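Notes for the one structure printed next.
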Amino acid sequence: MVSGARAVARCDELGAAPYSDAPDLLFRAYLTPAFAATQRAIAGWMQEAGMQTRIDEAANLVGSYEGIGDAPPLILGSHIDSVRDAGRYDGPLGVMLAIEAVDALHRAGRRMPFAIEIYAFGDEEGSRFPASMLTSRAVAGTLDPATLEVEDVKGLSLDEALAPFELSTLRFARAAHGPALAYFEAHIEQGPVLEAHGLAVGVVTGIAGQLRYRFTVTGMAGHAGTTTMPLRHDALAAAAEMVLAAEQVAREAASDLVATVGRLTAAPGAPNVIPGKVEFTLDVRSLDAGRRDAAARTILAEFDAIAAARGVALVGEQVNDLAASPCDPALMDLLSAAVATAGRPAFRLPSGAGHDAMTMAALCPTAMLFLRCRDGISHNPAEHVDAQDAEIALQVMLGFIERLGDSVAP
């Protein structure tokens, strides 16, 4: 089996029990039994590839491959948590390809003029606690300690979730990394651009900045049959109007701006009761910080106007503010050269999705390689990556590592 195919096969293996928290779909949340089982499996593969492994203070799995020089380490990585009912490759494929790259060096008896570290980040998606990229922010040294004062939907605090791993939020910040040469992440595109151009891989130019909010709309619950329409304070109807207002602002921008309400819950949730309370999220993204922030202000003003007109209360809080993150130009050039040497066009494209690379940019220069995914589908069980594309990506990664080694060799 070629290495790219093995990377894909390992992602497939991690797509079912005991590596999922749900019996009939893939859901791997941070600090769960399935998460721990996944770490154990990946640690074994890292060790087979010649690496030493450890769990850091933020519960990231780290594999280390020694170098022969005194340059800071090259960090390769991605995340191993998932959204609910996920695909198998979003995140883990980048980790598996990194392991294959180190394995190729190990089997050839090669050591680079820098150490290589592989991070399997624990929490990129934010699918358990109401904040994303907690663990890469800890490594980058940018985490606000107040962010750690969170609970999951069952009321379990992050500190309580860390306890079975013999960790705590008091030590979380100790995961901060020292100087690093660069951070490189391979990831599926999660969009249709590469496939539309008939390309297996692409060089990422930057990652869109994102704002994320959580809102609560409070109206008045009432009998669905006896409360006339003019007398209603329907929280769900107000929230629905807000959802459409956010969509309209993004559509009218006619740019890379996107706005998404990805989660909405209504209470009490009975068919014969007017909803009295609704909670929903809002995600606003753009590569242009000014465009993103202006759109968010417009959307929030629209929400306030809708709440006032409908006689409902609106409370909102910002839960994430991730700045746009351009990739390092010199690293993009090295990566483009590696793509060309692999016999592929050095196509460049931006990322609308957030990745750990955007937080790691605070620590060191970053580069990303996108892989084509069928029909651009992601965050979905239909997510698919061709093994031949994974092999191309692996060869590009090895070429990038070689070129980076040449650039720092004495």
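The values are calculated or read from the model by the stated rules, or taken from the named source; none is laboratory data. Since we're looking at a predicted model, the values are computed, not measured. Note that we place each Cβ from the backbone using ideal geometry, even for glycine, and neighbour counts take in every protein chain shown. Just so you know, the surface numbers come from the protein's heavy atoms only, side chains and all, with ligands and any DNA or RNA stripped out. Shrake-Rupley method; radii C 1.70, N 1.55, O 1.52, S 1.80 Å.
Filtering the range 79-105 to residues that are touching a Phe, Trp or Tyr at 6+ places or on another chain (Cβ under 7 Å) and either in a strand (DSSP E or B) or open to solvent by 20 Å² or more (accessible area, probe 1.4 Å) (or both) leaves His79, Arg84, Asp85. Total residues in the range 373-397 satisfying the condition of being under 13 Å from Ala200 (Cα atoms) and part of a loop (DSSP other than H, G, I, E, B): the figure is 4. Please verify whether Gly219 is in contact with a His (Cβ under 7 Å, 6 or more places away or on another chain) and under 30 Å from Ala239 (Cα atoms), treating the condition exactly as stated. When the stated conditions are applied, Gly219 passes them. Step by step: first the residues of the range 308-329, then only those that are touching a residue at least 40 places away in the same chain (Cβ under 8 Å) and small (Gly, Ala, Ser), then the one that is nearest to Ala182 (Cα to Cα). Which residue is that? This residue is Ser325. Does Asn320 satisfy the criteria of being under 22 Å from the mean Cα position of the chain (by Cα) and of a type in the set (S, T, N, Q)? Judged against the criteria, Asn320 is a match.
Considering Ala138, Ala131, the condition of being touching a helix residue (DSSP H, G or I) at 6+ places or on another chain (Cβ under 6 Å), at pLDDT below 95 and open to solvent by less than 30 Å² (accessible area, probe 1.4 Å) is satisfied by Ala131 alone. Can you find even one residue in the range 11-19 that is over 27 Å from Phe172 (Cα atoms), open to solvent by less than 10 Å² (accessible area, probe 1.4 Å) and among the hydrophobic types (A, V, I, L, M, F, W, C)? Yes, some residue in the range 11-19 is over 27 Å from Phe172 (Cα atoms), open to solvent by less than 10 Å² (accessible area, probe 1.4 Å) and among the hydrophobic types (A, V, I, L, M, F, W, C). Has the range 372-395 got at least one residue that is more than 23 Å from the chain's Cα centre (by Cα) and not hydrophobic (A, V, I, L, M, F, W, C)? Within the range 372-395 (the criterion being more than 23 Å from the chain's Cα centre (by Cα) and not hydrophobic (A, V, I, L, M, F, W, C)), the answer is yes, since at least one residue qualifies.
For the range 60-70, residues that are open to solvent by less than 30 Å² (accessible area, probe 1.4 Å) and in a strand (DSSP E or B) total 4.
Residue check: Leu211 meets all listed conditions (1) closer than 30 Å to Gly67 by Cα; (2) crowded, with 21+ Cβ neighbours inside 10 Å but one, namely (1). Which ones in the range 20-44 are in a helix (DSSP H, G or I) and open to solvent by less than 30 Å² (accessible area, probe 1.4 Å)? Passing the criteria: Ala34, Phe35, Ala36, Ala37, Thr38, Gln39, Ala41, Ile42, Ala43, Gly44. Annotation note: Cβ proximity below 6 Å between a residue of the range 215-236 that is at pLDDT 95 or above and part of a strand (DSSP E or B) and a residue that is aromatic (Phe, Trp, Tyr) and open to solvent by less than 50 Å² (accessible area, probe 1.4 Å) (sequence gap 6+ or interchain) occurs for Phe215/Phe280. Restricting attention to the range 289-330 and to residues that are among the acidic types (Asp, Glu) and touching a strand residue (DSSP E or B) at 6+ places or on another chain (Cβ under 9 Å), the residue that is surrounded by the most Cβ atoms within 10 Å (Cβ to Cβ) turns out to be Asp328.
Scanning the range 259-284 for residues that are under 17 Å from Gln318 (Cβ atoms) and β-branched (Val, Ile, Thr), we see that the one that is most open to solvent (accessible area, probe 1.4 Å) is Thr260.
If the condition is being part of a loop (DSSP other than H, G, I, E, B) and polar (S, T, N, Q), then the range 166-201 contributes Ser168, Gln190. Report whether or not Arg251 is under 30 Å from Ala307 (Cβ atoms), within 26 Å of the chain's Cα centre (by Cα), surrounded by fewer than 16 Cβ atoms within 10 Å (Cβ to Cβ) and modelled with pLDDT of 95 or more. When the stated conditions are applied, Arg251 passes them.
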